[in-house]
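Scroll down for the structure; my scribbles are underneath it.
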Amino acid sequence: MMIEYRLKSILRLLSFLSCLFVCVLANGEMKVVERSSKKAPEWVMHHPEGYLVAIASAPTLQDAQSRVEQELLRKVMSAIAVNVEGQTLTDSGVEEGKEWDNFYSKLSVRSAQLPFVSDISLAKSKDTYWEHSFDKASGKDNYDIYVLYPFDAATRHHLIVEYEAHDSKMENSLLQLENEYQNADRYEDILKFEGELEGLMEWFPDLQRRKRAEKTLEAYKKIKTSLTLVGIIVAKGECCVRVMRGDKIFKVPGRLDASSNCASKIVIRPESDGWRITFNTDDCLEDEDNDLKITLRGAGMGLKTTVSL
């Protein structure tokens, strides 16, 4: 009798918990209130060969369409870039695929540089299906959208070839910039190379090449801080001024200013590799410290030097 009573109590408790669980589910359940078609296409659950199926959700249909287009792009990039995953990550010291995940976090940067991927859009989809759900408890709407996109083996192979060609081009650009470092002698080129290296850092999905690009970028930036302004008296009343990178002339745009405690009629003339300053020293006394103070302004720097007269 006692056992029967306990069994009944347990059954009542289970029944109560079951009802409570159902109520919780009912209150928090998203109810479908609208569909793009009467029922979901078969491909939503069973992805057909030769196609990609992209899925996304958002509070509005417009946002869901935008997200699913990005998801579609991610799937395409994943399908074509996975071919180089072993090459780019094997020797990079990457753990648990974190660096490869970073590849997708900057997907928009890479896709913008790939003309053979940038034309991917929902307009080229084979089919699209969406559902509009509403949660009574929270009062929130949700749109789930599914896209069926043609992507057969031939298309994938073609994109892999083009992707690898572009990636090889970027690798060659990095190598060229690494080699060009020693010979760089123009400020404008430094700025150009810095921009290219920043683009390469954004492009490379692997840590190894990204570190190479970062190291090269830092080396170019240091060039600007290592420059010196040098003035040499080449004749009476005449001074030749150059910007130097070590023992090499470096061309920098900007305005050269000169002043003196005694020299007059100071004239500055630009030359192909620097400036030439002419001046009159008739008022300079031999027993005084006579000098020519020279400043280069512009290009984000203020190089200075003093030349004794």
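Brief remarks follow.
- Region 159-176, residues that are free of Cβ contacts under 8 Å to residues at least 40 places away in the same chain and not acidic (Asp, Glu): Val161, Ala165, Ser168, Lys169, Met170, Asn172, Ser173, Leu175, Gln176
- Residues that are under 20 Å from Pro205 (Cα atoms) and β-branched (Val, Ile, Thr) were ranked within region 142-183; the one that is surrounded by the most Cβ atoms within 10 Å (Cβ to Cβ) is Ile160.
- Search result, residues across region 195-236 that are under 30 Å from Asp257 (Cα atoms), of a type in the set (S, T, N, Q) and either in contact (Cβ under 8 Å) with a residue 40 or more places away in the chain or touching an Asp or Glu at 6+ places or on another chain (Cβ under 8 Å) (or both): Thr228
- Checked against (1) at pLDDT below 95; (2) farther than 30 Å from Ala165 by Cβ, Glu202 passes all but condition (2).
- For region 141-157, the candidate set comprises residues that are in a helix (DSSP H, G or I) and touching a residue at least 12 places away in the same chain (Cβ under 8 Å); within that set, the residue that is farthest from Ile80 (Cα to Cα) is Ala153.
- Residue within region 184-207 that is over 30 Å from Lys248 (Cβ atoms), touching a strand residue (DSSP E or B) at 6+ places or on another chain (Cβ under 6 Å) and buried (at least 19 other Cβ atoms within 10 Å of the Cβ) present: no
- Count of region 136-156 residues which are at pLDDT below 90 and at negative phi: 5
- Some residue of region 269-286 being in contact (Cβ under 8 Å) with a residue 12 or more places away in the chain, in contact with a strand residue (DSSP E or B) (Cβ under 9 Å, 6 or more places away or on another chain), closer than 24 Å to Tyr187 by Cβ and in a helix (DSSP H, G or I): no
- With respect to the conditions (1) surrounded by fewer than 13 Cβ atoms within 10 Å (Cβ to Cβ); (2) at pLDDT below 85; (3) out of contact with any Leu (no Cβ under 9 Å at 6 or more places or on another chain), Ser121 lacks only one, and its number is (3).
- The listed residue being modelled with pLDDT of 95 or more, within 15 Å of the chain's Cα centre (by Cα) and not assigned by TED's automatic domain parsing to the domain that holds Ser78, out of Leu207, Leu175, Leu197: Leu197
The values are calculated or read from the model by the stated rules, or taken from the named source; none is laboratory data. None of the values given here were measured: they were computed from a predicted structure. We place every Cβ from the backbone using ideal geometry, glycine too, and count neighbours over all the protein chains shown.
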